[in-house]
Every structure is written in structure tokens, then in C-alpha cells.
2 protein chains.
Amino acid sequence: MPVVRQQASALEPTLARICSYHLGFIDEHGDPSGAEGGKLTRAALMMAAADGVGLRPEDVRCQAAALELLHNSTLIHDDIIDADELRRGRPAAWKVFGAGPAILAGDALQALALRMVVDDPGPARAEISSVFAEALGLVLAGQAREFTVRLGPGTGIAEYDRIVEEKTSALLECALVTPALRAGRPEHVLAALRSAGRHLGLAFQIFNDVEDIWGDPTVTGKPVRSDILRRNPSFPVLAALSTDSPAGERLRRLWHADATTAAHLQEMADLVEESGGRHTAEQLSRSHLDSALEYLGQAELSPAASTELTALFDRIVNRTP
Amino acid sequence: MPVVRQQASALEPTLARICSYHLGFIDEHGDPSGAEGGKLTRAALMMAAADGVGLRPEDVRCQAAALELLHNSTLIHDDIIDADELRRGRPAAWKVFGAGPAILAGDALQALALRMVVDDPGPARAEISSVFAEALGLVLAGQAREFTVRLGPGTGIAEYDRIVEEKTSALLECALVTPALRAGRPEHVLAALRSAGRHLGLAFQIFNDVEDIWGDPTVTGKPVRSDILRRNPSFPVLAALSTDSPAGERLRRLWHADATTAAHLQEMADLVEESGGRHTAEQLSRSHLDSALEYLGQAELSPAASTELTALFDRIVNRTP
């Protein structure tokens, strides 16, 4: 997306270089790169939602670019926090440029994104700015809650939902609701779009958790079973841990022990499947997707946009191309 | 300041704890603390400037709190980036809570500060939001530029000025200009206040650089000569490096060599003084303070507020109580 590229490259040179690398525009030497820079899921959602409320693409182009920048700011910091060395199959920004500069680059994208939204004139500027700033705060709260839970005694499903609603759903809700705010749609439409985004985030994250354990690393772009390795609160594991079966019991012992070899991870993955954690997760992801589509149907969007968003929701959750 | 405290403590619990620790409200165990949480310089400037344009404190209270939170978000990240273990005489937040959580806490303060400004109704809401977002972007650009310069071949005075105008002056300008925006003052007043803030930042930073070398660590709160140790672009050093004297020549050799023992640092400090770097810096700091006060005089503020701001400027630059 040209706006994203142009805004990132107008930053202070070092920050521009780090951000442009992270976004896939250049390689680590500063040369043009054909690397995959993310699927621009949130921008695509916002554009489709804009069409659905009768806006032109240029009416929310700046907001769509800002949302992608905001999302990417959290990814840059997330990789540092989790010491993740790979992002989209390439070395993470902090591995290439160092953690210090990468912290500043993430901060700079965050500041840039909010500035773009704040500065863009047009209807509902204040409301849209508020939605963006709130969404960012929620993502950070969710990440912090997840971090705390990971280090602590674990968590239940209610806490899992809350974390996902914050760290994953908040930006999806922002994508869907921004065009409706700009178009002056009534509160019941805004509420339906927010609910659609919330369920979409849950469906996506739960499927994502399944993929972390049983997915193809060349598709997910990250090492397999990293959630188990880090004792991240992952839905299939939480579902399995809460069962009474012998498999669940054995899983609990391994989960709370320092069991981190490849053989341990494989055994834990098998135990999660045996206790029904995978099945429960796959079912629940589908059920959240159904709810998301149901709320989408209440948002009074144009039929063409509804069809497009339905396909988009499905692609987002199931990672189909 | 109650607003700062209340907003920080309303964050997600882990983030609230880290931020409240950093701000001096609690100790590392979560118990109330009488620690020094910063001098609230920027809030004090904004309050005095508000008085000067005929506003009541409550007209900019939210913005003053937000500015302090924004400033502190950059400090939390700065300590991680520079691996500074002490902040205001206590262990830095990242030393107590870990770098990952401290990155999130800085992000959260940044998001919170911008959200407070964006959400606060009242005159010139959009303009003030824009000033805040721009100021944050400038601080980050300045920090990145400084980081790059430090790792690279060094820098000249023009680049130094630019870095300071970004990393130090931007938030001071924001403090002074926000009340004038809210009060609807004309452009020549805004310009005078921006210039006052720019020179105030330069005066402060240059004096700060002098203090880093010859100041009392119990007053500055950080290890003496850390700028020399890290080869930070510091004004007295830049001035000394640019002289033709034998002392300047010897300093250049040590500066570009891996000379980092206490004896080296002492020798380099002496060489900076011998080459006249300290004298030049002290003179220039005073001269920038004079310029700041001159611009302040053009801002058409009430006489009482002008007197208060004059005293405040002097205290900020010279760190007098």
C-alpha cells in the first residue's frame, strides 16, 4: 500500500530503514525487497467496510494505512518482548538492527499512526482518533495480561477471551467501525460491527492457536509449538487442561514442569489432541466465525460489501489465500 | 499530580504497577513510596503558560498530565535502550520488571497520553492532539538520530542542535503552546512560544551535558560522565573536539579509541575543560536561556505569569531547587 510505504520512508532515516525493512519494502542492506510484508488484513477489512457504508476508498485511505502502521508497531515490539527471531520468514527487525533502535522504530510507527489519524480532516475525526487510541491501549493491555499469565500460574477460558478481545479483536473492531463512524451510521450499526470484529478476533486467534501446534511452519511463518514451549495461554491447551481425562492429567504435569524438549512438545501436542483440545478449539473457532458473520448481517452494509467481507472473514480465520 | 497518578493506576494491573513504580508512587513491592517521581517540569510550564493566557488550571489539567505521561513513556524506553540501570536514584523500571514488560509499559503510557488528549473536549482539541502527536514523533526522531550518531563517526554542532530541538525542545514547546492554542491566541504568539521552548530546550540540554561531566551525581541522579563513556554527542565535547589545540588533538585520539577506563574518562573531562569546551558550553547555555526569555517577552502573557515562567526557565536550565 503506497501510503504505508511513503509514510514509513518519511521518518528519520534510521527509523525509516528499520520500519521499511519490517514492512518488507527493503532488505537489511537497504535494497528493494520483494519480501512478504504482511497481508494488510486490517486495511482490507476497513476498505471493504467503507464500501459497505457507501464511502469511497480515499475517504478512509489514511485511516487504513494508519491501522496497518499501528498493527506493525505492536509486532516490532512483540518480537523484542518474546525474543522471536523470525517474522514472516525473515530475521525480525531487532535481530537486524538491535533491540534499542527497534524499540524506537516501533514507538515511531505508533506515534506516526496516531498522528495520521489525528491530522486527517473529515467527518468524525475526533471519534475516529479516540477509537484508534483506545484500540492501541487495549492491544497493549492484552499483551501485558498475556505476559503476566504466561509467567504466572496459568489462566482460565474467561481470561483467555479477555486477552484475545484486547490484543486481537480491538484492531479488527477498529477496522470495521471506523468507516461507519465516518459515514455517520447509527449506534446499532456501530455495535453490530464491533461485535463482528470481536468474534472475528476470537475465531482468528483460536484457529491461530491450533495452527501453532499442528500447522505448517512455512505457512504460519513461525516455529511450530512456540506457544507450548513458552506456556502461552493457547486455547487448545487450556481446553485440554480443563478436562478430567488421564491425558489431561498427564498434560497438566508436563505443562507445569520444565518440559521443553522437542519430544516433550510432541507429547504435549498429542495429549492436547487426545484430550479433545484440538476438536473443541476448531469447533469454537467456527462458532465465533458464525457469530461474526451474523453480526455482520445486522450492520446494514451493501450486499456487495457484505459478500466481500464474508469471504474476507473466512480467509482471515482459516488463513486461506 | 493526582491526574497522572489516577490515570496510571487505571491501566491493566501489570502495566499500572510498572508505570506507578516508574512515576515514584509505589516501590518495587507495590507499597506506597515517597520516591522522587520527576520534577513535573513540563506540567509546571503548561500550568504557568495557561495562567499567562487567562485560562484556569482545569482548562489544561488533562493536557498537562498527558504531557508528563508522554515524557515518562520516553524515559522508560530510553533506560532500556541505553541500558541505564538507575532513574532518579532508583533501579530503572526494566531492571525491576524486565525489559519486555517495561517496553509494554512505555507503550501504554504513550497510548494513554495521546488518548487523554484526543478524548478531552474543549477548544482546539484537534490542533492540540496534533501538537502532541507531532512532538512525540520528534522526540523519537531525535533519539534515533542520537543513537545513530553515537554509533557512527560523530557529529557537528548543527546536527547536535537538531537532535536537541527534537528530543528535548519538542515537549517543552508543546507545554508552552498548548494553552495558547486552547485560548485561541494568534499565530505570532504561538510562534514566540515555540521559539521560547526551542531555546529553553537547547539551554537545558547544553547545561545538562556540562553537568554530566562536572556535576554532582547525587543531583543529576545518573553516573558521572556517562555521555563520554558512551560517546554520546555532548556539547562540551563537540566544542572541544572542534578546537585546534593540543588538548583537542589528544581528546580526538582518545574519543575515537576504545578509551573507557575511569582514568580515561577523567583525562578526557580535563581535556574538554582545557580546550575550552566547558566554558563555551556554559556561555552558550546562558545565551540560549536569554533568547528563550526574549521570545517569552513577545508572547503577550500576563505579567504575573511572565515572572513565574522566567523563574521556571531559570530553574529548569540551572537545576536549582
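Taking the criterion of being touching a residue at least 24 places away in the same chain (Cβ under 8 Å) and assigned to a helix (DSSP H, G or I), the residues of the range A:85-104 that qualify are A:A93, A:V96, A:F97, A:P101, A:A102, A:I103, A:L104. The set of residues from the range B:105-144 being more than 9 Å from every other protein chain (Cβ to nearest Cβ) and either outside any helix (DSSP H, G or I) or modelled with pLDDT under 95 (or both) comprises B:D120, B:G122, B:P123, B:A124.
Is one or more of the residues making up the range A:15-34 under 23 Å from the mean Cα position of the chain (by Cα) and open to solvent by 40 Å² or more (accessible area, probe 1.4 Å)? Checked against the condition, which is being under 23 Å from the mean Cα position of the chain (by Cα) and open to solvent by 40 Å² or more (accessible area, probe 1.4 Å), the range A:15-34 yields at least one hit. None of A:A292, A:A247 is surrounded by fewer than 19 Cβ atoms within 10 Å (Cβ to Cβ), assigned to a helix (DSSP H, G or I) and of a type in the set (A, V, I, L, M) except A:A247.
Would the range B:137-149 turn up any residue that is among the polar types (S, T, N, Q) and open to solvent by 30 Å² or more (accessible area, probe 1.4 Å)? Yes, that holds for at least one residue.
Inside the range B:204-219, residues that are open to solvent by less than 20 Å² (accessible area, probe 1.4 Å) and either among the charged types (D, E, K, R) or modelled with pLDDT of 90 or more (or both) make up a count of 6. Restricting attention to the range A:1-20, the residues being within 14 Å of chain B (Cβ to nearest Cβ) and assigned to a helix (DSSP H, G or I) number 11. If you go through the range B:272-289 and pick out every residue that is assigned to a helix (DSSP H, G or I) and either within 15 Å of B:A240 (Cα to Cα) or basic (K, R) (or both), you end up with 12. The residues on offer are B:S20, B:S33, and the sole one that is of a type in the set (S, T, Y) and out of contact with any helix residue (DSSP H, G or I) (no Cβ under 7 Å at 6 or more places or on another chain) is B:S33.
Residues checked against (1) in a loop (DSSP other than H, G, I, E, B); (2) among the charged types (D, E, K, R); (3) within 17 Å of A:M116 (Cβ to Cβ):
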residue	(1), (2), (3)
A:G38	yes, no, no
A:A48	no, no, no
A:D51	no, yes, no
A:G54	yes, no, no
A:A65	no, no, yes
A:E68	no, yes, yes
A:H71	no, no, yes
A:L75	no, no, no
A:A83	yes, no, no
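Restricting attention to the range A:75-104, the residues that are of a type in the set (V, I, T), facing chain B (nearest Cβ under 8 Å) and open to solvent by 10 Å² or more (accessible area, probe 1.4 Å) total 2. Suppose the filter is surrounded by fewer than 18 Cβ atoms within 10 Å (Cβ to Cβ) and either touching a residue at least 60 places away in the same chain (Cβ under 8 Å) or within 14 Å of chain A (Cβ to nearest Cβ) (or both); does B:A44 pass it? In short, no.
The values are calculated or read from the model by the stated rules, or taken from the named source; none is laboratory data. Predicted model, so just to flag it, every value in this text is computed and none were measured. Cβ sites come from the backbone with ideal geometry, for glycine too, and all protein chains shown count toward neighbours. With ligands, DNA and RNA removed, areas are computed over all heavy atoms of the protein, side chains included. Shrake-Rupley method; radii C 1.70, N 1.55, O 1.52, S 1.80 Å.
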